[in-house]
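The values are calculated or read from the model by the stated rules, or taken from the named source; none is laboratory data. Keep in mind it's a predicted model, so treat the numbers as computed, not measured. With ideal geometry, Cβ positions are generated from the backbone for all residues, glycine too; neighbour counts draw on all protein chains shown. Note: areas computed on protein heavy atoms with side chains; ligands, DNA, RNA excluded. Shrake-Rupley method; radii C 1.70, N 1.55, O 1.52, S 1.80 Å.
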Amino acid sequence: MPVSTVSIPVGQWFTSPEGVRWWFDSGSFALDFAYTGAIGGNPAWERLHAPDDLTAWLHERFPVAIGTARSRDLFDAISLRDAIGRLAQAAAHGGAPRTADIDLVNLYAATPDIPPVLAGGSRQAGRSVQTVGQALSTIARDAVDLFDPANLGRIRECNGSDCTIVYLDTSRAATRRWCSMQRCGNRAKVRAHRARRAVEPAA
């Protein structure tokens, strides 16, 4: 059961070094956030170079108005993001999570998040613009849900031979194998097809 009180679409577009655009459904908003950074040691993922980058990402993803990020907000965001990334890597590889990372996620999750809003009212309740801190709390609460024991074994690394992308398998039968069928799934199909074609003349 999601702990976040705000409904946020999951998944985002990536562009490969070759310029190919593909859709990655991580299965979790917290994982989406982790993939704004060098998760798995891949510096190519880094997207948050300045406070304006954080502001743009939050504005793109949240369905409510978020304030402008400052340098301190960027520091906090990167700290939370990297902790989520390390926890995801540990879960995918069956490793022990770092206590410091758990504590950091719990710290942010304990602060006020973005409250839900019922449309159709005649009065404004609370803030009209939410703070970056509230957005980070919402992300942290989603991370609490992500790393719940109920998801044990569903946080996985892509089966692609040269891919280390981690995702949450939300399929009913827990049979997802690829980060994306557009990317690694398609590559595997092409390789299998070529292998069959190579065997056919000999047969």
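Details
- Contacts under 7 angstrom Cβ, first residue in region 48-70 being under 13 Å from Gly133 (Cα atoms) and open to solvent by less than 20 Å² (accessible area, probe 1.4 Å), partner among the acidic types (Asp, Glu) and assigned to a helix (DSSP H, G or I), 6 or more apart: Leu54/Asp73
- Scanning region 112-160 for residues that are assigned to a helix (DSSP H, G or I) and hydroxyl-bearing (Ser, Thr, Tyr) yields Ser137, Thr138.
- All positions within region 17-62 that are small (Gly, Ala, Ser) and more than 15 Å from the chain's Cα centre (by Cα): Gly19, Gly41, Ala44, Ala50, Ala56
- Taking region 71-94 as the range and being out of contact with any Asp or Glu (no Cβ under 9 Å at 6 or more places or on another chain), open to solvent by 40 Å² or more (accessible area, probe 1.4 Å) and not polar (S, T, N, Q) as the test, the residues that pass are Arg72, Phe75, Ile78, Ala91, Gly94.
- Boolean, Asp101 is under 17 Å from the mean Cα position of the chain (by Cα), among the charged types (D, E, K, R) and closer than 21 Å to Leu168 by Cα: yes
- Looking only at region 25-34, residues that are open to solvent by less than 40 Å² (accessible area, probe 1.4 Å) and touching a Gly at 6+ places or on another chain (Cβ under 8 Å) come to 3 in all.
- Counting only residues that are of a type outside the set (Val, Ile, Thr), free of Cβ contacts under 8 Å to residues at least 60 places away in the same chain and either farther than 30 Å from Cys158 by Cβ or open to solvent by 80 Å² or more (accessible area, probe 1.4 Å) (or both), region 107-131 holds 13 of them.
Yes/no matrix, rows are residues, columns are (1) out of contact with any Cys (no Cβ under 7 Å at 6 or more places or on another chain); (2) among the β-branched types (Val, Ile, Thr); (3) more than 22 Å from Trp178 (Cβ to Cβ); (4) modelled with pLDDT of 95 or more:
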site	(1), (2), (3), (4)
Ser16	yes, no, no, no
Leu31	yes, no, no, yes
Asn42	yes, no, no, no
Arg47	yes, no, yes, no
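- Meets criteria (touching a Cys at 6+ places or on another chain (Cβ under 7 Å) and modelled with pLDDT under 95) for Phe62: no
- Which listed residue is open to solvent by 60 Å² or more (accessible area, probe 1.4 Å), small (Gly, Ala, Ser) and either within 18 Å of the chain's Cα centre (by Cα) or modelled with pLDDT of 90 or more (or both), from Ala143, Ala173: Ala173
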